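Reading through the structure tokens given below for one structure.
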Amino acid sequence: MAAGFSKVIIMGNLTRDPEVRTTPNGANVTSFGVAVNRTYKDGSGNNVEQVSFFNCSAWGRIGETIGRYAKKGSGVLVSGRLEQRSWEDKNTGQKRSTVEIIVEDFKFLPRGGEQGGGSYNGGASYGGGSSNGASSGPAEVVPEDVPDEVDLGDIPF
């Protein structure tokens, strides 16, 4: 049997403030949603806008950083793997399932209306995380003098 492969890359804006939780075994996980907009022309030549929504989970230091510096509306570039979870609804007894992106790398991006392109790269590019919160490399390179709350709109690039 061939080995499987799952990789996804999305770029969009957070749909809600990130929610940081701690599992019973002490691992931190951050949950957030990302909206991805796409515009295309239909058969009649009219512009059509389509929005897709994706649930994301980030473990360990990557999740802590997203939870600390991102908020609803923040632009992000996220890459990771797809993971399906299944459970039984406690109230109805129905089986439920979802597919979410397990974040392995990300970058903060400028807000939608800002000029200049480029990404906030002063300690805002992260990767190497795994779903158990362990890291195969440095996961955070935030300078010591970064205040608790950073408005990414104040960064000149």
**Item:** At R0 = 25 Å, FRET efficiency that the Cβ-Cβ distance of residue 22 and residue 79 yields, to 0.05
**Value:** 0.55
**Request:** Go ahead and run the numbers for FRET between residue 72 and residue 49, Cβ-Cβ distance against an R0 of 25 Å, rounding to 0.05.
**Result:** 0.80
**Asked** Would you list 57, 74 from fewest to most Cβ contacts within 10 Å?
**Response** 57, 74
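Can you sort 29, 99 by how many other beta carbons sit within 10 Å, fewest first?
Working: 29 19, 99 11.
Ascending number of Cβ neighbours within 10 Å: 99, 29.
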**Message:** With 10 angstrom as the radius, rank 59, 87 by how many other C-beta atoms surround their C-beta, starting from the fewest.
**Reply:** 87, 59
**Item:** R0 of 25 Å, Cβ-Cβ distance residue 91-residue 9: FRET efficiency to nearest 0.05
**Value:** 0.10
**Item:** Cα extents of segment 51-115 along the three principal axes, largest first (Å)
**Value:** 49, 28, 20
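Values in this text are rule-based calculations from the coordinates and carry no lab data. Since the structure is predicted, the reported quantities are computational estimates derived from the model, not experimental observations. Cβ sites come from the backbone with ideal geometry, for glycine too, and all protein chains shown count toward neighbours.
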